Amino acid sequence: PRQILAWCLYDFANSSYSAVVAAVVFPVYFSREIALSPSEADLWWGMAISVSMALVALTSPFMGGLSDYGSKRRPLLFLYTLSAVLATGLLFLPEKGQVGLAFLLILIANFSTEGALVFYNAYLGEIAPPDRRGRVSGWGFGLGYVGSVISLLVALYLIREGYSRMVWPFVALFFLVFSLPAFFFLPPQKASSLGTMEAGKRGVRLIWSTFKEAIRQRKTRRFLIAYFLYKDAINTIIVFSSLFALNTLGFPQKELVLLYLLIQVSAALGAFFFSLPTDRWGAWRVLMLSLLVWIILSGWTYFLKDKSSFWVVAFLGGAFLGVVQSASRAFFCKFIPAGREGEYFGI
């Protein structure tokens, strides 16, 4: 169905920002071409990401209320995406020393991209029946990783040809074009009698009661606590894996980029391959299998002394990273009451 394809293509679209701007290319560009020193780059980059994520956390309850009670899910997805696209496209403007301008643009782009996920994820329970959410979630993540690879390869080509400033308009265009189907084909909500402010305020008022409601439910409580712990553990491994490869195993910069590309490809394969088993076996079983593989790989990495083995670990870790993400999203949907998706994903 075109609604599901449109939803999956949005993941394909926003992955260009995640891969090129947030993860691989712009941090290096910011340090070399804009900041006056590496220490200044680290400071301002860290502040931009931290402040933007804090703003997402603070505004999500209000926006979740607008999404669920004000029938604003699709318009908000569009506005957040447009904001991210514009800020990303303007990243070519900062010159050497203009860290303040770059900081502002990254703050807006990251806040908008991450904030849009509240509305995007909320659509999963609406467009896919319970027995198909696992595969639809997997298709979304799989296409997202494919988008990461394609956009990153184009970005690296532009840099190699001397057009580094053109990378950011390209990412913005990629993001915009492939997100358009979502704005046209994702289903509109039923009209609401609540005004914008009233709907948002209801979301703020209900966020605490929603959190308490979720915590009171034994299965939901256990999942949220577990998700916080294993997601934090995986993020920690991802953050330090490049430093481990660089400083301990002696990976040169070019091989690190290839390693990142390999992880994206394997994550796409994993998300696609396990999309159907997630529905047939159950999201919980697939999630447990994936986390067990991650535990084994983490222990194996401790004993690694050569690069060739790390390539294998990276491939397997990437494959099951995609599975963890897609299975977690599908599993969480089981606990969400109908019509309150934005509210719960706003937690």
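Based only on other Cβ atoms within 10 Å, what is the fewest-to-most ordering of Thr236, Thr113? Numbers along the way, then the final one.
Numbers: Thr236 10, Thr113 24.
Result, fewest neighbours first: Thr236, Thr113.
Computed from phi, the 3J(HN,Hα) profile of segment 46-56 under the Karplus parametrisation 6.51, -1.76, 1.60 (θ = phi - 60°) reads x, 5, 4, 5, 5, 5, 5, 5, 5, 5, 4 Hz, with x in place of Gly and Pro. Among the trypsin sites (Lys or Arg not before Pro) in segment 60-148, those located in a DSSP loop and surrounded by at most 13 other Cβ atoms within 10 Å of their own Cβ are Lys96.
Please check the chain for the longest run free of GluC sites (Glu not before Pro) that are loop-located per DSSP (anything but H, G, I, E, B) and have at most 12 other Cβ atoms within 10 Å.
My reading of the result: 162-347 is the longest stretch.
Using only Cα atoms, figure out Rg for segment 41-175 and give it as a multiple of 2.2 N^0.38 Å. Present the calculation step by step, with values, prior to reporting the outcome.
On the way: Rg = 16.8 Å, N = 135, 2.2 N^0.38 = 14.2 Å.
It is 1.19.
Just how many pairs of Lys in the chain have C-alpha atoms closer than 18 Å, counting pairs that are eight or more places apart or on different chains? Walk me through the intermediate numbers first.
Numbers: Lys72/Lys190; Lys72/Lys201; Lys201/Lys212; Lys212/Lys334; Lys219/Lys231; Lys219/Lys334; Lys254/Lys307.
Within the chain, the lysine pair count is 7.
Neighbour counts of other Cβ atoms within 10 Å put Ser326, Ser164 in the fewest-to-most order Ser164, Ser326. Legend: ranking of residues Asp11, Asp306, Asp279 from fewest to most surrounding C-beta atoms inside 10 Å; resulting order Asp306, Asp279, Asp11.
Charged neighbours of Phe274, selected by a Cβ distance under 12 Å, balance to +2 (K, R count +1; D, E count -1). Extents of the chain, taken as max minus min of Cα coordinates on every principal axis and listed largest first, are 56, 45, 36 Å.
Over the residues of the chain, the helix contribution to mean residue ellipticity at 222 nm works out to -26500 deg cm²/dmol, using -39500 (n - 2.57) for each DSSP H run of at least 4. Report, in whole Å, the centroid distance computed from the Cα atoms of segment 10-66 and segment 110-171. About 15 Å separates the Cα centre of segment 10-66 from the one of segment 110-171.
No lab work stands behind these numbers, since they all come straight from the coordinates. As the structure is a prediction and not an experimental result, all values here were calculated from the model. We place every Cβ from the backbone using ideal geometry, glycine too, and count neighbours over all the protein chains shown.
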